[in-house]
Amino acid sequence: ENFGNGTQSVVLFGPDRCGSKGRVAMLFFFQNPVSKQFEASMGTKYVPLPPNDRLTHIFTLAVNKDSTYEILVDQETQAFGSLYQDLEPSVIPPEEIDDVSDVKPDTWVQQARIHDPAATKPEEWDETAPEFIEDVEASPPPGWLHDAPPHIPDSKAVKPRDWDDETDGAWETPLTPNPECIVGCGPWKKPMVPNPAYKGQWMPRKIDNPDYRGEWKPRQVKNPNYFRETNAYSRLHAVDGIGLDLWSEQANVLFDNIIIATSLDAAKAFADRTWRVRRQVEDAQRAGRDLGEGVEETTFAWRKLAMAACLLVGVLI
């Protein structure tokens, strides 16, 4: 009766596409039995989305009693993982955590290397020498016209008939590139080359810091929300509802046939009767035909009967 945006999710699963990139998103929401707070854990197994080919695709998540999971796309297994090793953050809380009241002492030195205080700049080190200087051996290329202007008035230009000197100002003939400047015209400048005497700013060499104490870390204390995990699967709240999280900037995003089952075989059989039939028709008509937007279906196979809480199917394209 109170289902809405604030309803707690158990699982979020579905396609998440952004432009040409995308992945199959999967998040589990476990309730900590000590703190009673729900914490989200995202799957670390990367499963790419199928190409945006305007065909119907089906996404399946199977969660098993041995706390493993399987992700299928178009009835083909794409990832197989563990609720213990392949979720971030882990569903197993750490026994110890940082003491938030602990602070780094002012005298703690964690700079590993420092400038050598005994080092001195050599007398011959010239910091004022420029990085680049003129090439003294360079000379103008043959054909360079020193006295010719690079641009000359355009002899073909004429004053527009509607030009009004009083409102538009005195008309001036526009300039055009000088055709005699085949090689170049005007003052010639020597090119710049690296200065062999350049050394830049002098810096003393680095040495190991004798006062270095390593990277500071806060002391560890017992985690008040720690508990021993024995069966992550059993900690998933049961499912008694489905919510769709939709966010799209394009039209014609279609989906249907969301199924929750206690058997993966039953979910596959349902997909064979629905998705596979449609897909076979699409494949037969694909050549030279506009099929419109594909339909994305999501199925879930659970190996035990689910009871209570909410399952959120995210279709984010």
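The values are calculated or read from the model by the stated rules, or taken from the named source; none is laboratory data. Values in this document were obtained by computation on a predicted structure and should not be read as measured data. Here the Cβ positions follow ideal geometry from the backbone for every residue, glycine too, while neighbour counts run over all protein chains shown. The area values use the complete protein model at the heavy-atom level, side chains included, leaving out ligands, DNA and RNA. Shrake-Rupley method; radii C 1.70, N 1.55, O 1.52, S 1.80 Å.
So if I restrict to the alpha-carbon atoms in segment 165-205, what is the Rg, and what is Dmax, the biggest pairwise distance, in Å?
That works out to 23.6, 71 Å for Rg and Dmax.
Ordering 276, 213 from largest to smallest accessible area (1.4 angstrom probe), what's the sequence? Numbers along the way, then the final one.
Values: 276 85, 213 130 Å².
Highest to lowest solvent-accessible surface, that is 213, 276.
Answer with one residue from 242, 280, 67: the one whose Cα lies farthest towards the positive end of the charge dipole of the chain, charges on Cβ with Lys, Arg +1 and Asp, Glu -1.
After comparing all options, I get 67.
Any of 121/199; 121/206; 45/268; 21/45 with alpha carbons more than 18 Å apart? Name them for me.
On the way: 121/199 12 Å; 121/206 14 Å; 45/268 22 Å; 21/45 16 Å.
Long pairs (Cα-Cα over 18 Å): 45/268.
Simple spin-label model, 7 Å along Cα-to-Cβ: residue 92 to residue 256 in nm?
About 4.5 nm separates the two model spin labels.
Assigning unit charges at the beta carbon (Lys, Arg +1; Asp, Glu -1) and nothing else, what dipole magnitude in debye, to the nearest 20, does the chain show about its Cα centre? Kindly include the intermediate steps, with their values, before the conclusion.
Working: 33 positive and 50 negative charges, 375 e Å.
Dipole magnitude for the chain comes out near 1800 debye.
Please compute the Cα-Cα pair-distance distribution of segment 1-127 with 5 Å bins starting at 0, giving whole percents from short to long.
P(r) for segment 1-127, in whole percents per bin: 2, 7, 12, 14, 11, 10, 8, 6, 5, 5, 5, 5, 4, 3, 2, 0, 0.
Positive end of the dipole of the chain, charges at C-beta (+1 Lys, Arg; -1 Asp, Glu), about the Cα centre: which of 129, 20, 55 has its Cα farthest in that direction?
55
Give a residue-ordered list of calculated ³J(HN,Hα) values for segment 252-261 (Karplus: 6.51 cos²θ - 1.76 cosθ + 1.60, θ = phi - 60°; whole Hz; x for Gly, Pro).
6, 9, 10, 7, 6, 6, 8, 10, 10, 9
List, largest first, the extents of the alpha carbons of the chain along their principal axes, each in whole Å.
94, 74, 43
Between helix 275-285 and the chain, what is the angle of the helix's C-alpha long axis to the longest principal axis, kept within 0 to 90° and rounded to the nearest 10?
Computed tilt is about 40 degrees.
Given labels modelled 7 Å from the Cα in the Cβ direction, how far is it in nm from residue 158 to residue 116?
Here the answer is 8.0 nm between the modelled labels.
With +1 on the Cβ of every Lys and Arg and -1 on the Cβ of every Asp and Glu, and nothing else charged, how large is the dipole of segment 179-224 about its Cα centre, in debye rounded to the nearest 20?
Details: 9 positive and 4 negative charges, 76 e Å.
Charge dipole of segment 179-224: 360 debye, to the nearest 20.
What is the distance, in nm, between label points placed 7 Å from the Cα along the Cα-to-Cβ direction at residue 134 and at residue 106?
Taking the simple label geometry, residue 134 and residue 106 are separated by 5.8 nm.
Of the peptides 119-130, 39-50, how do they stack up when ordered by the mean number of other Cβ atoms within 10 Å, highest first?
Details: 119-130: 9.8, 39-50: 15.4.
So the order, starting with the most tightly packed, is 39-50, 119-130.
Sum -39500 (n - 2.57) across every DSSP H segment of at least 4 residues in the chain, then divide by the residue count to get the 222 nm mean residue ellipticity, nearest 500. Spell out each step's value before the answer.
On the way: 4 runs with 29 residues, N = 317.
My calculation for the chain gives -2500 deg cm²/dmol from helical runs alone.
Might you report the magnitude of the Cβ-based charge dipole of segment 132-275 about its Cα centre, with Lys and Arg at +1 and Asp and Glu at -1, to the nearest 20 debye? List each step's numbers first, then the result.
Numbers: 16 positive and 22 negative charges, 327 e Å.
Dipole size: approximately 1560 debye.
Given N residues in segment 140-263, what is its alpha carbon radius of gyration divided by 2.2 N^0.38 Å? Walk me through the numbers before you get to the answer.
Working: Rg = 40.0 Å, N = 124, 2.2 N^0.38 = 13.7 Å.
Compared with the compact-globule rule of thumb, segment 140-263 sits at 2.91.
By how many degrees, 0 to 90 and rounded to 10, does the Cα axis of helix 264-273 deviate from the longest principal axis of the chain?
So the inclination is approximately 70 degrees.
Using R₀ = 51 Å, calculate the FRET efficiency as 1/(1 + (r/R₀)^6) where r is the Cβ-Cβ separation of residue 127 and residue 178; round to 0.05.
Details: r = 44 Å, r/R0 = 0.86.
E(calc), rounded to 0.05, equals 0.70.
State the percent of C-alpha pairs, over all pairs in segment 98-176, separated by a distance greater than 22 angstrom.
Details: 2248 of 3081 pairs.
Tail of the P(r) past 22 Å holds 73 percent of the pairs.
In a GNM of the chain with a 10 Å cut-off on Cα contacts, which of 279, 219, 161 has the highest mean-square fluctuation?
Looking only at 279, 219, 161, the largest GNM fluctuation is found for 161.
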